[in-house]
Amino acid sequence: MTAVVRQVLVSELTSADTMRDPIALYRQVFRLCTADPAPSPRLLVSLVRNGGIAVGAHLDGELVGFSYGFPGRAPIGHLDAQRAYHYMELLVVRPDCQNTGVGRTLMHQVRAIAIRRGLQRIYWAYDPLRAANAHFYLDVIGACGYEFIDNMYGIEDTGRDRGFPTHRIVARWDLDAPVRNWPDPPPGIIPGRVVPDDRVDYDAVLLAIPDNWEYCPGPATAGLHRHLCGTVRELMASGYRAVSCRRTGGGLAVYRLVSGPLTAGHTHPL
């Protein structure tokens, strides 16, 4: 019997006729209804013609992943003041193709394009309570969460998270830095409680969150959301950065946040 190898092909998207399937995929993954707004092919074409990056991942001829973003320059007072970078607005992978390497392949294609353009960093924002996304961005890709922004896009009025504030962590990916291989957190951490981390040689703390957060209506969910996001906000305001988020079993994932400069320890190659 001959094994059939399914290969993911990633390529840049540049024309209007390549932009319609990505928008349909975006609507599917984020559960948008017909009336909910979404990027248009015209917007995406304008972005890529003016310094933006759009890439698609195809499997057996079908689009299964998509990312787009645009050039940015940090303002005075920012961590990277007056430096150019790529801002990734979106990374989306079809649900049945998640955890198969599609997202990593997309990210490294964006990285390669950014490096060819002379850029050293990529920024993006993600929901701090989406543990799977946090793990992918921090542990797999090797980014760090540097900033917490309250209600970045306003109260969500579309898709799967309707009615909740859009709190976000801003991640920064240093494109020439190795990925750090952080040790597993210990079991038994109580959700929402900050505990010291004695497994690394840093000023570090651990914070457990649900590993499969759902934005369900109701005061209990809203209260937990407010508490967890408020805790992350306070830690990051005091100088901590998110560097890891790993599932520990029992329905939990644990953030590791560190303070101070990161040294060369705890690394593995990209």
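A short reminder: the numbers here are calculations on the coordinates, not readings from a lab. In this text the structure is predicted, and so the values were computed from the model without any measurement. Note that we place each Cβ from the backbone using ideal geometry, even for glycine, and neighbour counts take in every protein chain shown.
What residue among Gly250, Gly52, Gly159 shows peak mean-square fluctuation when the chain is described by a Gaussian network model with Cα springs under 10 Å?
With Cα springs under 10 Å in the chain, the top fluctuation among Gly250, Gly52, Gly159 is at Gly250.
Would you kindly state the longest site-free stretch of the chain, with sites defined as trypsin sites (Lys or Arg not before Pro) in a DSSP loop (not H, G, I, E, B) surrounded by at most 16 other Cβ atoms within 10 Å?
Between the exposed loop sites, the longest stretch runs 200-270.
Which whole-number value in Å³ per residue fits the convex hull of the alpha carbons of the range 35-78?
130
By the gyration tensor of its Cα atoms, with a ≥ b ≥ c the square roots of the eigenvalues, what is the shape of the chain: rounded for a/c under 1.5, prolate for a/b over b/c, or oblate?
rounded
Quote to one decimal, in nm, the extra length available between Ala84 and Ala220 on full extension: 0.36 nm per residue of separation minus the C-alpha distance between them.
44.8 nm
Compute the length gained on full extension between Arg233 and Tyr146: take 0.36 nm times their separation in residues and subtract their Cα-Cα distance, giving the result in nm to one decimal.
Taking 0.36 nm per residue and subtracting the Cα distance, the gain is 30.2 nm.
Calculate how steeply helix 102-116 sits against the longest principal axis of the alpha-carbon atoms of the chain, using the helix alpha-carbon long axis, and give the answer as 0 to 90 degrees to the nearest 10.
Tilt of helix 102-116: around 80 degrees.
Tilt of helix 219-237 relative to the longest C-alpha principal axis of the chain, in degrees (0 to 90, nearest 10)?
80
Which net charge results for the neighbourhood of Arg121, defined as the other residues with beta-carbon distances under 14 angstrom from its beta-carbon, given Lys and Arg at +1 and Asp and Glu at -1?
+1
Report the relative contact order of the chain, percent, no decimals, based on alpha-carbon pairs under 8 angstrom and at least 6 residues apart.
15
Could you give the dipole magnitude of the range 1-135 about its Cα centre, charging the beta-carbon of Lys and Arg +1 and that of Asp and Glu -1, in debye to the nearest 20?
The dipole magnitude comes to about 380 debye.
Kindly express, to the nearest 10 degrees and within the range 0 to 90, the angle between helix 20-29's C-alpha long axis and the longest C-alpha principal axis of the chain.
30
For every other residue with a beta carbon closer than 11 angstrom to the beta carbon of Pro37, add +1 if it is Lys or Arg and -1 if Asp or Glu, then tell me the sum.
Net of charged neighbours comes to -1.
For the range 35-55 and the range 86-143, compute the distance between their C-alpha centroids and round to whole Å.
Taking the Cα centre of each part, the range 35-55 and the range 86-143 sit 18 Å apart.
Using 5 Å bins from zero, what percent of all Cα-Cα pairs in the range 125-197 falls into each bin?
3, 13, 18, 21, 21, 13, 8, 2
Just add up the charged neighbours of Tyr85: K/R +1, D/E -1, any other residue whose Cβ is under 15 Å from the Cβ of Tyr85.
That sum, taken over residues with Cβ under 15 Å, equals +2.
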